[in-house]
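Data first, discussion second: the structure below is written as structure tokens.
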Amino acid sequence: MEHQKHALISPVPGTERHIDSFHFGPADAERHIYVQGALHADELPGMLVAWTLKQRLAELETLGQLACRVTLVPVANPVGLDQQLMDTPLGRYDFESLTNFNRRYINVAAEIAEGLDAALNDDLAHNRDVIRDRFDAALGAALTETGSLTTLESMRLTLQRLACRADFVLDLHCDFDAVEHLYTTPAAWPVFEPLARYFGSKASMLATDSGGQSFDECFTLVWEQLQQTFGERFPIDYGCQSVTLELRGQRDVDHQLADHDAQAIIDWLRHLGLVAGEAPPLPELAYPATELAAMDFLHAPIGGLLVFHAEPGAAVEAGQLIAEIIDPISDRVEPVHAPQAGMFYARSQRRMATAGMIVADIAGHQSHRSGYLLAP
Ligand SMILES: [Zn+2]
């Protein structure tokens, strides 16, 4: 195992932070996997899974069973991890800029594309290497632009650069109160479908561009755009495919669950032939993949006490009562119904709803949304 430290731009003197990355397997391996935990710093199940993986990967490396290079970042967001307010960790939004830590990753497709046709040829592997080199160089150049980067921007770029050469990027998150689910692209679904089975994903939602420039999409969108520009003249595949694994809810920091999830990732690597040994048989997929555009956010029509009538993990019918919002002063009771049949996979942890807030998420089957598809 190799341990590297990557300094972030210090916001004020005496407060320098680092991203710590751990590297396993042969440095010259053909395939490269990137895994990070707790980019939303108050989503800690991923950090425990990453720590569990750290032990398992070190064992596999010692046994000579790793046939790929793995980069592991267990603490992806040291900035957000240090944000507490009155006994409450607040790691989803950056205190300084008020932006979501998992949005606005820069897209360097234009920088990569500049003069690229002169460097491409008929060899798919050659083109992949050329694009990866340029991807890395473009992020490196952005990182060394002195005088204009904030700590947050340097953190985003550092994480992007650590992951940009990977074949597969696994971003470990969780929801507020939820069952296992994931987000990926339709193009990447065939490669991640076995992972969804081992993991036990109850909802697998697919979109090519959800509109937020999230960490997972900042890799796939670059390859998608390069394919669109150059794909008719040169062979270009997806040099990087990514998935956001949602490891249940924020309170699900538990050894048994983390062992299950780390094992699911290793079983998937075995399935791909990237870890020696035979992968266990693929379990059934718990629920079919759906389009992210078919997912529904259920909102509170008024402010009031939020009382649920269903648990995450329930396959619900159209019109089914999911929750009630109760105003104890006016006695108004407003039901919140499922707009279509689907998988009720996540809900708020708050029990005093504010008017209009998202109270529940359902993976439906009828696509009806477009544009920005994510929560704030
Ligand atoms: Zn998250």
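Things worth noting here:
- P(r) for segment 1-83, from all Cα pairs and a bin width of 5 Å, is 3, 15, 22, 21, 17, 11, 7, 3, 1 %, short bins first.
- GluC sites (Glu not before Pro) lying in DSSP loop within segment 227-332, provided at most 12 other Cβ fall within 10 Å: E232, E278, E284, E317
- The GluC sites (Glu not before Pro) of segment 1-69 that DSSP puts in a loop, and whose beta carbon has at most 15 other beta carbons within 10 Å, are E16, E30.
- Working note: Karplus 6.51/-1.76/1.60 with θ = phi - 60° gives segment 293-307 the couplings 5, 9, 7, 10, 8, 9, 9, 7, x, 9, x, x, 4, 9, 10 Hz, where Gly and Pro are set to x.
- Rounded to the nearest Hz, the phi-derived 3J(HN,Hα) couplings of segment 17-25 under the Karplus curve 6.51 cos²θ - 1.76 cosθ + 1.60 (θ = phi - 60°) are 10, 10, 9, 9, 10, 10, 10, 10, x, where x marks glycine and proline.
- Rolling a 1.4 Å probe over the protein heavy atoms gives the chain an accessible area of 43 Å² per residue.
- Share of carbon and sulfur in the accessible heavy-atom surface of segment 21-93 [1.4 Å probe, %]: 57 percent
- Under a 5 Å amide H cut-off, with hydrogens placed 1.01 Å from N, E180 pairs with K202, R248 among residues at least 5 apart or on other chains.
- When shorter helices are ignored and each DSSP H run of at least 4 residues is given -39500 (n - 2.57), the per-residue value for the chain at 222 nm works out to -8500 deg cm²/dmol.
- Antiparallel bridges, percent of DSSP beta bridges restricted to the chain (to nearest 5): 65 percent
- Computed FRET value (nearest 0.05) for T15 with T208, which takes r as the C-beta separation and R₀ as 45 Å: 0.70
- Sulfur and carbon atoms: percent of accessible area, segment 258-373 [1.4 Å]: 54 percent
- Qualifying trypsin sites (Lys or Arg not before Pro) in segment 234-323, where qualification requires a DSSP coil assignment and no more than 16 other C-beta atoms within 10 Å, comprise R251.
- Potential extension, H309-T62 segment - 0.36 nm per residue separation minus Cα distance: 83.9 nm
- Cα-Cα P(r), the chain, percent of pairs per 10 Å interval: 5, 22, 32, 26, 12, 3, 0, 0
- With both labels modelled 7 Å from their Cα along Cα-to-Cβ, the S367 to E284 distance reads 2.7 nm.
- log₁₀ of I(q)/I(0) at q = 0.09, 0.18, 0.20 Å⁻¹ - segment 67-217, Debye sum with one point per alpha carbon: -0.36, -1.33, -1.49
The values are calculated or read from the model by the stated rules, or taken from the named source; none is laboratory data. Computed from a prediction, not measured in an experiment: that's the story for all the values here. FYI the Cβ positions are ideal-geometry reconstructions off the backbone, even for glycines, and counts take in every protein chain you see. Ligands, DNA and RNA are excluded from the accessible area calculation, which covers all protein heavy atoms including side chains. Shrake-Rupley method; radii C 1.70, N 1.55, O 1.52, S 1.80 Å.
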